[in-house]
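Note sheet for the following structure.
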Amino acid sequence: MMSSLVRVRFAPSPTGFLHVGGARTALFNWLFARHNRGTFLLRIEDTDKSRERDQAVQAIYDGLNWLGLDWDEGAGIGGDYGPYFQSERNAIYERYLSLLEAEGIVYLDDGAVRFRSPRKSVIVDDLVCGRIEFDRSTDPDMTIRRPDGSWIFHFVNVVDDIEMRISHVIRGEDHLTNSSKHVELYEALGAPPPRFAHIPLILNRDGSKMSKRDEGSSIASYIEQGYAPEAVRNYLCLLGWSPKDNREKIEIGEVIHLFDLANINRRNAAFDLDKCLDQRPLPSLQIAQDGLSVGFDANRRLALLVGGDPEIRDEFSLMCRHCPLYPPLKELLTG
């Protein structure tokens with residue numbers, strides 16, 4: 001087990017809702033921190049102000065809390081390395097830009113600030129993907145600040161990870177090529193890079209990358225439909241990681257004990273909505289003033305209740321007793 005110096009972060013952009021892919025990234029960071037008795041930090045990357053919405057930030061909070069992914073430091077709770085919203089860290093970015101200017105490795109180009117690449121190969125020793133060499137000898141110089149003064153992701157991401165003492169960067173494999181750019185910035189700023197671990201993408205059953213438009217992609221949809229958070233979290237644990245014994249259900253305490261980046265699959269994970277649907281609890285009910293909201297497929301689940309465990313059937317009846325729909329439900333349950 002590693003020391004308490006392990007510090008990881010989940011750094012989403014507030015873009016409307018918490019995506020399944022983002023939730024899985026947060027979960028793997030949380031598991032790694034808990035396994036190593038480290039710190040799990042939440043940072044909000046809201047430099048693109050046109051996309052910043054208070055309700056989107058709240059959706060991130062709600063989704064993480066619902067999944068039981070408590071953060072030790074960061075947005076909403078504070079800590080020693082704040083602010084934890086990038087929109088509040090402009091003075092810090094200005095200071096780091098001045099360091100690069102003093103070294104003569106940034107320049108203006110049509111109003112944008114560009115970082116002068118050293119034009120050499122960059123080696124990234126990734127904890128999931130292995131040792132990868134990137135040839136950056138012909139790549140263009142990257143922009144780190146737009147003409148309107150707003151910051152580019154690559155620069156502020158590296159600065160924040162330096163300032164917040166991040167030890168491991170665990171994120172989606174779509175950021176793997178970005179890591180070579182980030183290593184150049186770490187070296188230019190005289191800071192050691194963190195250990196990188198790029199986890200496999202989540203794909204739809206047809207092999208396409210899961211997007212925010214796809215069915216089942218929003219954590220909010222599982223909350224609204226009455227899923228048990230433990231069940232959804234269990235399913236996400238197994239999207240790219242395995243305890244190596246083919247179990248489909250495993251208690252979260254055991255996952256924390258077993259979780260190791262070495263056991264993350266290199267192959268992309270296939271999101272199977274049917275399997276996720278099977279994680280829904282029986283029964284999942286909400287009693288409201290205007291009646292009964294049943295959080296499962298009524299035909300399939302009620303059939304199970306009618307012929308199932310009498311104790312479950314009695315509990316269902318008790319919960320429904322004060323509901324306007326109770327008489328017909330009682331008739332259905334008792335035959």
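The values are calculated or read from the model by the stated rules, or taken from the named source; none is laboratory data. Note that the structure is a prediction, hence the values are computed from the model and not measured. With ideal geometry, Cβ positions are generated from the backbone for all residues, glycine too; neighbour counts draw on all protein chains shown.
Structural remarks
- Scanning the range 47-72 for residues that are in a loop (DSSP other than H, G, I, E, B), on the phi < 0 side of the Ramachandran plot, surrounded by fewer than 20 Cβ atoms within 10 Å (Cβ to Cβ) and not basic (K, R) returns D48, E52, D70, D72.
- Residues satisfying the stated conditions in the range 91-127, i.e. polar (S, T, N, Q) and either more than 26 Å from R195 (Cα to Cα) or exposed (fewer than 12 other Cβ atoms within 10 Å of the Cβ) (or both): S98, S121
- If you go through the range 18-46 and keep only what is farther than 22 Å from N265 by Cα, assigned to a strand (DSSP E or B) and not hydrophobic (A, V, I, L, M, F, W, C), you end up with just T39.
- Qualifying residue in the range 33-42 (condition: touching a residue at least 60 places away in the same chain (Cβ under 8 Å), under 22 Å from S218 (Cβ atoms), crowded, with 19+ Cβ neighbours inside 10 Å and within 17 Å of the chain's Cα centre (by Cα)): no
- Yes/no for T15 being crowded, with 21+ Cβ neighbours inside 10 Å, hydroxyl-bearing (S, T, Y), assigned to a loop (DSSP other than H, G, I, E, B) and touching a residue at least 12 places away in the same chain (Cβ under 8 Å): no
- When each of I105, I166 is tested for being under 30 Å from A33 (Cβ atoms) and either modelled with pLDDT under 95 or out of contact with any Cys (no Cβ under 9 Å at 6 or more places or on another chain) (or both), the lone residue that passes is I166.
- Filter pass, F115 being more than 25 Å from F10 (Cα to Cα) and aromatic (F, W, Y): yes
Let's see how each residue does on (1) closer than 24 Å to D260 by Cα; (2) surrounded by fewer than 18 Cβ atoms within 10 Å (Cβ to Cβ):
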site	(1), (2)
G130	yes, yes
F155	no, no
H175	yes, yes
E187	no, yes
P192	yes, yes
A197	yes, no
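- Long-range neighbours under 8 Å by Cβ, at least six apart or interchain, first residue of a type in the set (S, T, N, Q) within the range 183-205, second in a loop (DSSP other than H, G, I, E, B): N204/M210; N204/D214; N204/F271
- Residue-level check: of (1) touching a Ser or Thr at 6+ places or on another chain (Cβ under 8 Å); (2) buried (at least 19 other Cβ atoms within 10 Å of the Cβ); (3) small (G, A, S), S87 misses just (2).
- In this entry, V113 is excluded by the filter for residues that are in contact with a Phe, Trp or Tyr (Cβ under 7 Å, 6 or more places away or on another chain), modelled with pLDDT of 95 or more and among the hydrophobic types (A, V, I, L, M, F, W, C).
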